[in-house]
Amino acid sequence: MEVVGWILVIACFIISFVGLVYPIIPGVIFLIGGFLVYGLFFSFAELSWLFWATEILFVIILFVADSVANAFGIKKFGGSNAGMWGSTIGLLIGPFVIPVVGILIGPFLGAVIAELIVERRTFKEAVKSGVGSLVGFLTSTLAKAVIQIVMIVVFFIAVFAI
């Protein structure tokens with residue numbers, strides 16, 4: 001049973017990283033799910049209130065990093081709120097319309113189309129906003145990956161601390 005528990009914990013962690021590339025997958029839920037699976041299969045004793053407080057803090061930081069990085073990327077490159085919404089919609093739709101590269105093309109096209117249609121920007125300005133959305137997405141993904149790795153390290157420290 002112990003092996004099954006660890007397989008499920010590791011599977012939850014892996015799925016959380018897949019959520020970085022496919023945003024429709026709620027990565028943070030699978031990450032916390034891995035912690036809960038550990039507690040159910042083994043024991044919640046190692047997962048103290050300090051562990052949970054730390055992980056909740058990291059979840060908050062994860063959401064803030066995601067929002068700030070995307071908004072910063074688009075705003076830094078002259079984009080508007082419409083560009084941010086277009087980028088978000090493109091991020092959700094892109095991977096399903098164009099597998100693999102849709103995760104990069106989707107936010108870019110979403111921002112460009114939104115800037116052209118809603119804000120009536122020039123093509124050059126719209127493309128600049130699209131590049132900003134791409135930079136914001138990549139920055140956000142990197143930040144979330146680092147935070148998720150830290151969360152998993154904290155988990156293993158809590159579990160294997162003597």
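Some notes on this structure:
- For K76, a cut-off of 16 angstrom between C-alpha atoms picks up these lysines, skipping any fewer than 8 places away in its own chain: K124, K128.
- Nearest-ten-degree value, helix 102-117 long axis tilted from longest Cα axis of the chain: 40 degrees
- Working value for the stretch 30-75: equivalent-ellipsoid semi-axes of 30, 11, 4 Å, each the square root of 5 times a Cα gyration tensor eigenvalue, largest first.
- Nitroxide proxy distance, nm - points 7 Å out along Cα→Cβ at L92 and L57: 3.2 nm
- 0 to 90° range, to nearest 10: angle between helix 27-41 axis and the chain longest Cα axis: 10 degrees
- Compactness of the stretch 60-162, expressed as Rg and Dmax over alpha-carbon positions, Å: 16.1, 62
- Excluding ligands, DNA and RNA, the accessible surface per residue across the chain is 56 Å² with a 1.4 Å probe.
- Applied to the stretch 43-59, the Karplus parametrisation 6.51 cos²θ - 1.76 cosθ + 1.60 on θ = phi - 60° returns per-residue 3J(HN,Hα) values of 5, 8, 4, 6, 9, 6, 5, 5, 4, 5, 5, 5, 5, 5, 4, 5, 4 Hz, with x for Gly and Pro.
- Calculated SAXS-style log₁₀ I(q)/I(0) at q = 0.15, 0.19, 0.25 Å⁻¹ - the stretch 76-124, Debye, Cα scatterers: -0.34, -0.52, -0.79
- Within the accessible surface of the stretch 1-137, defined with a 1.4 Å probe on protein heavy atoms only, the carbon and sulfur portion equals 79 percent.
- Full-extension gain in nm, L40 to L142, via 0.36 nm per residue minus C-alpha separation: 33.7 nm
- Full extension of the chain segment joining S67 with W85 gains 5.3 nm, where the gain is 0.36 nm per residue of separation less the Cα-Cα distance.
- Length-normalised contact order for the chain - Cα pairs under 8 Å, 6+ apart - percent: 25 percent
- Across the stretch 124-139, computed HN-Hα scalar couplings (Karplus, 6.51 cos²θ - 1.76 cosθ + 1.60, θ = phi - 60°) run 4, 5, 5, 5, 4, 5, x, 5, x, 5, 5, 4, x, 5, 5, 5 Hz from first to last residue, x flagging Gly and Pro.
- Net length available on complete extension from K124 to F156 is 6.7 nm, with 0.36 nm assigned per residue and the Cα-Cα distance removed.
- The Cβ shell under 12 Å around L62 holds other residues with a net charge of -1, Lys and Arg each +1, Asp and Glu each -1.
The values are calculated or read from the model by the stated rules, or taken from the named source; none is laboratory data. In this text the structure is predicted, and so the values were computed from the model without any measurement. Ideal geometry is used to build each Cβ from the backbone, glycine not excepted, and the neighbour counts take in all protein chains shown. Heavy atoms of the whole protein, side chains included, go into the accessibility calculation; ligands, DNA and RNA do not. Shrake-Rupley method; radii C 1.70, N 1.55, O 1.52, S 1.80 Å.
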